[in-house]
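We did not get these values from a lab; they are worked out from the coordinates using the rules stated. In this text the structure is predicted, and so the values were computed from the model without any measurement. Cβ coordinates were reconstructed from backbone atoms using ideal geometry, including for glycine residues, and neighbour counts include every protein chain displayed.
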Amino acid sequence: MEEDVIPSLRATLETQDDITELELSFEDNRLEGSFLKKGTPYSFWAFFPNGVLTGAKGFSLSSYGSEVSTVEPFLIDEKKITEKHIVFWVEKRLAAQGIIPVWKR
């Protein structure tokens, strides 16, 4: 995670013009990210409870400093998961919430 996912995810999020104070880490089988977008705080977590990419996974997001309200399944249909899948699906989840654009210009 720290060698493959975090640098790639950081590069992806840093291309966004209005994201600042980006922090990413992986600890206790959890990929955590936080940033400000136009001054609004966002945090997300991708959980790997069994510590492996092929096991159970979940995703959660909070905004405006609120607590996390739901944990969603994450990468449940993928059979062969790679670090690129994780980066892609985190980016897709953030885009689905309107936090980052769906299409890159």
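List of remarks:
- Cβ-based exposure ranking for Val90, Val102, in which fewest neighbours within 10 Å come first: Val102, Val90
- Among Thr54, Thr12, the order by Cβ neighbours within 10 angstrom, fewest to most, reads Thr54, Thr12.
- Model label sites at Glu2 and Glu21, defined 7 Å from Cα along the beta-carbon direction, differ in position by 2.5 nm.
- In the chain, the DSSP-assigned H stretches of four residues or longer account for a calculated mean residue ellipticity at 222 nm of -7000 deg cm²/dmol, using -39500 (n - 2.57) per stretch and the full residue count as denominator.
- If R0 is 25 Å, the Cβ-Cβ spacing of Phe88 and Ser66 corresponds to a FRET efficiency of close to 0.45.
- Integer Hz, Karplus 6.51/-1.76/1.60 couplings in order for region 84-98, x for Gly and Pro: 5, 4, 4, 4, 4, 6, 5, 4, 5, 5, 5, 5, 4, 8, x
- Selection from Gly51, Phe26, His85 lying farthest towards where the dipole of the chain points positive, charges on Cβ: His85
- Evaluated over the chain, the count of Lys pairs having alpha-carbon atoms less than 14 Å apart is 4 (only pairs 8 or more residues apart or interchain).
- Between Ser25, Ser66, Ser43, the GNM of the chain built on Cα springs shorter than 10 angstrom shows Ser66 fluctuating the most.
- In Hz, Karplus ³J(HN,Hα) per residue of region 5-11 (6.51, -1.76, 1.60; θ = phi - 60°; x = Gly, Pro): 6, 4, x, 5, 5, 4, 4
- Taking Cβ atoms as reference points and 10 Å as the exclusive limit, the residues near Glu83 contribute a net charge of -1, counting Lys and Arg as +1 and Asp and Glu as -1.
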